[in-house]
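Some notes on the structure that comes next.
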Amino acid sequence: MALLLVVDDASSMRELLDLYFTDKGHQVEVAADAASAISRFSEHEHDLVITDLRLGRGSGMDVLREVKAKRSSTEVIVITAFATQEAGLEATRLGAYDFVTKTAHFKPQELEVRVNGALEKMRLARENAILRERLGGRYEGIVGRSPAMRALYQMVEKVAPARTTVLITGESGTGKELVARALHSKSPRASAPFVPVNCGAIPEGLIESELFGHVKGAFTGAQGPRPGLFQAAKGGTLFLDEIGELPLALQVKLLRAIQERRVRAVGADEDEEIDVRLIAATNRDLAAEVAAGRFREDLYYRLNVIQLRVPPVRERREDVMLLADHFLRRFEAEHGRERLDLSREAKKSLDAYDFPGNVRELENLIERAVTLSDGPEVTLDALPGPLRPPMPDSLPREGALPEGFSLEAHLAGIEQQLIDRALQQSGGVKKNAAALLGLTFRQFRHRWKKLSGADEPEERSLEIAPPEDGDGE
């Protein structure tokens, strides 16, 4: 959940975006003009600002300037029904995350992809800042000292300086994106942009424009030119996550871009040279996808020049306690708690668990445990059902109900066990867990919050840290 500030002089637009993004789980504040927007931001320092370009008093550019001056890490999205190339360039120069054209049939779903991208960029920037401080800037790496992780570190060191395309494979939740970031940060391109994109999160009709950009009039609503992600990553690294989700038609164009190092914006007549290192990632077996006709063989070989496999947690059990302690330290700081430690029983349970959701699952359950723990120690009671020993049935099949029986507590216990089982079965992916239980995501989130007494934790990626100096070298 993020704190958003929506600035628009049209009350209907303020109300539309307020309702839409509140329903998505965010906290939203609104302002009708630049002065009130700047005042609200000074009081709360929002995570993201969405502002109309033309306001009744002042302009979106005024809001953008003040926000960036007060807190440069806050992302700003400028929207307008009167887009010009000059305005877009000015917004970009002032630090806007994106410049979005508001058509007559504008829908908030058009903004959601940009909002999610901006928030993800901020989250990763915060995590990287913490990591740089903790590691003294030595390495943007992965927490773990197991043999499997040491082998991965060595490959990152060898591959990072090259321009070679890299394919990162591994199960969901293992931390493939931060491995890509480590490759970028150790490369000669480290000072240039690192641009991540989740190929499965962008609607099929928009992905070509997102990757390659478009010119004015290329399609309905394209009222001005917009550079694509290849152009945004100029001189740096473009990270294509979930590459297996890319439609076949786009695979052809991506192959051409890799081979010729040129791209053509949607609606353009000429190609544009690009200088980008490409890193792709997938949790699918691309060789099997090729055999099934769902992925182009020629693109697969172009991407799979060097493959880095990120091991699942069950193959690096030596790192479980290291990771658990790392997340404990992070969440106790975020929640303003004194130092917490795992009880002996909790450690034993974590050490024996296979973590089908990998590091993401471990991270989420540690945040849950910190939220639910009262004392200085995290006990088994604060861990989800799959990590606790089975409880005896407290309700007799026949006869009188036991003294002190509580129907609410009994049903809540059953509900918690089913939610925990669904999360385990879905590898920690909450939308999939909701589907297993026959719930909408909103219903699932409401029940989770009611039972845990906490906001739903964000899905985060693995953080990486190198072996200590001299340890095992």
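Where a number appears in this text, it was derived from the coordinates with a stated rule and is not lab data. The structure displayed is predicted, hence computed values, not measured ones. Here the Cβ positions follow ideal geometry from the backbone for every residue, glycine too, while neighbour counts run over all protein chains shown.
Observations on the structure shown:
- Stretching the chain fully between GLU204 and GLN223 yields a gain of 4.8 nm (0.36 nm per residue, less the alpha carbon separation).
- Modelled spin labels at LYS450 and MET321, positioned 7 Å past Cα toward Cβ, are 3.9 nm from each other.
- Summary of packing: across the peptides 377-385, 19-27, the per-residue average of other C-beta atoms within 10 Å ranks them, highest first, as 377-385, 19-27.
- Descending semi-axes in whole angstrom, ellipsoid equivalent of the range 56-119, from the Cα gyration tensor: 19, 15, 10
- Spatially proximal lysines relative to LYS70 (Cα-Cα < 24 Å; intrachain offsets below 8 disregarded): LYS121
- Rg and Dmax [Cα atoms of the range 138-311; Å; Rg one decimal, Dmax integer]: 16.4, 54
- Cross-link partners of LYS186 among lysines, defined as those whose alpha carbon lies under 16 angstrom from its own and excluding same-chain residues fewer than eight positions apart: LYS158, LYS176.
- Between the labelled values (i) -0.92, -1.15; (ii) -0.73, -0.91; (iii) -0.70, -1.03, the entry that holds log10 I(q)/I(0) by the Debye sum over Cα atoms at q = 0.09, 0.11 Å⁻¹ as derived from this structure is (iii).
- Rg over Rh for the range 3-115 works out to 0.92, using Cα positions for both radii and the Kirkwood form for Rh.
- Relative contact order, percent, the range 230-378 [alpha-carbon distance under 8 Å, six or more residues apart]: 21 percent
- Using the Cβ of HIS214 as centre and a radius below 12 Å, the other residues enclosed give a net charge of +1, where K and R count +1 and D and E count -1.
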